[in-house]
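K.L.:
For reference, the structure I am asking about is given below.
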């Protein structure tokens, strides 16, 4: 059996586009996640990762900046049926650690590099 995105995906943690970095940091810490999906008017706007937050802190921003100002707007997404090998190729090509999973044009999950590594370790 080939593992697919739907086999590894988890539900993404979502934040509103107007959430502050302080609020996002609190959510990430409480939920033990390294990224959040930013939602604006019910639609995905982008993603904020730990790297994005560190970049903003290094630039001297304060934690009152809002999600839509900080989010990486380009979301890389795959279909539920995409196999792990293809996901790894996409992650390598785009130098990313997570991909979102779509079903019928809607974001339904997230697959992180750490999820793939844990699965490989089971083999």
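Nothing in this text is a laboratory measurement; each read-out follows from the coordinates by a stated rule. Since the model is a prediction, treat every value here as computed from it, not as a measurement. Don't worry about glycine lacking a Cβ; one is built from the backbone with ideal geometry, like all the others, and counts go over all protein chains shown.
K.L.:
Starting from the Cα of residue 89, move 7 Å in the Cα-to-Cβ direction to define the label point; list residues of the range 6-25 whose amide nitrogen is under 11 Å from there.
P.N.:
Under 11 Å, as judged by backbone N against the label point of residue 89, lies no residue of the range 6-25.
K.L.:
What do you get for Rg/Rh over the range 46-87 if you use C-alpha atoms and the Kirkwood form of Rh? Working shown, then result.
P.N.:
Values: Rg = 14.2 Å, Rh = 12.2 Å.
Radius of gyration relative to Kirkwood radius: 1.17.
K.L.:
Once both labels are modelled 7 Å past Cα along the beta-carbon direction, what's the residue 62-residue 25 spacing in nm?
P.N.:
Result for the modelled spin labels: 1.3 nm.
K.L.:
Given N residues in the range 5-121, what is its alpha carbon radius of gyration divided by 2.2 N^0.38 Å?
P.N.:
On the way: Rg = 14.2 Å, N = 117, 2.2 N^0.38 = 13.4 Å.
Scaled against compact globular proteins, the figure is 1.05.
K.L.:
How many percent of DSSP beta bridges within the chain run antiparallel, rounded to 5?
P.N.:
Roughly 75 percent of the beta bridges in the chain run antiparallel, per DSSP.
K.L.:
Can I ask one more? What order do you get for 59, 98 when you list them from fewest to most C-beta neighbours inside 10 Å? Walk me through the numbers on the way to the answer.
P.N.:
Details: 59 8, 98 21.
Ordered from fewest to most neighbouring Cβ atoms within 10 Å, 59, 98 come out as 59, 98.
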